[in-house]
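**Q** Sharing a structure, written as structure tokens. Questions coming.
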Amino acid sequence: MKKFLYLLFAMAIVVGLNACSPDDDPVNEPPVENPGTPDAPDEPKNPDPNPNPTTGKALIVYYSFTNNVHTVVGDLRTQIKADVIRVEPAEKGLDYAANNYAIGSAQIQAIRNNPGSASSYPAIDPVEVDFGQYGTIIVAAPLWWSNMAAPLQTFLFHHGAEMAGKRIGLIVSSSSSGISGVESDAKRLIPDGNFLTPSLWIRSSQTSDCHSMIVRWLKETGFTK
């Protein structure tokens, strides 16, 4: 009889340890990835994903239609010393907001259809840049239909090869959509850039409060200490 009671008591303990509390909902847990092979003994556990600073100054290149990116760049300039280029469309007075942003949508579609052709990209004002003096280039871009704004893509299409080996930081402004498409555009247009991670995503609603986000990002990417 004592053995039977002991067995029941032991079973009750096991069940209690395996029971879930009301807050332990496995449905809401993130999927678990299978771990890879263990790190070799001589490899660092958490290697720095960002390349070491290269020689030269910093350059900020950006385009802004609604001025959200312009506001972000203005704050960024109070935190770092950098030259700045604002990309401007060659055709002036275009109302990008008309007809549900039909002009911008058509420009993005043209690039998607043939990204390797210069004729797919809208014309911009000429920009002369001596990239040899810059070690780090920060690209600040609005998101258009999940892609980088077309005028900024034009700039990078023509100058991306000159950015080879540079540290490339990416700042993206969007209403709510994710920024992976803009990151892909940047890496396609600057194929040999050393991209800093992570990119900085600032939603439109966060623009006026972007200062602290930029502070954290500059430290996280190793731009500042």
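**Q** With the Cα gyration tensor of segment 64-220 in hand, give its eigenvalues times 5 under a square root as the equivalent ellipsoid semi-axes, listed largest first in whole angstrom.
**A** 23, 20, 15
**Q** Ranked by Cβ crowding within 10 angstrom, fewest neighbours first, how are E220, E91 ordered?
**A** In increasing order of surrounding Cβ atoms, one gets E91, E220.
**Q** Any idea how far apart T224 and Q206 come out in nm if each label point goes 7 Å out from Cα toward Cβ?
**A** For T224 paired with Q206, the spin-label model returns 1.7 nm.
**Q** List K187, K219 from most exposed to least, where exposure is judged by having the fewest other Cβ atoms within 10 Å.
**A** Ascending number of Cβ neighbours within 10 Å: K219, K187.
**Q** Can you find, among T207, A186, W217, the residue farthest towards the positive end of the dipole of segment 158-225? Put +1 on the C-beta of Lys and Arg, -1 on that of Asp and Glu.
**A** After comparing all options, I get W217.
**Q** Separate question: FRET efficiency for E128 and S176, Cβ-Cβ distance as r, R0 = 35 Å, nearest 0.05?
**A** Computed FRET efficiency for E128 and S176: 0.45.
**Q** Fewest Cβ neighbours within 10 Å first, please rank V69, V215 accordingly.
**A** Fewest to most other Cβ atoms nearby, the residues stand as V215, V69.
**Q** May I ask you to give the average projected area over all directions of the convex hull of the Cα atoms of segment 151-225, in nm² rounded to one decimal?
**A** Working: hull surface 21.1 nm².
If I average the Cα hull's projected area over directions, I get 5.3 nm².
**Q** Output the pairs from K187/K225; K57/K166; K57/K187 with a Cα-Cα distance over 18 Å in this structure; if there are none, say none.
**A** Exceeds cut-off: K187/K225; K57/K187.
Values in this text are rule-based calculations from the coordinates and carry no lab data. Note that this is a predicted model, so its numbers are computed, not measured. FYI the Cβ positions are ideal-geometry reconstructions off the backbone, even for glycines, and counts take in every protein chain you see.
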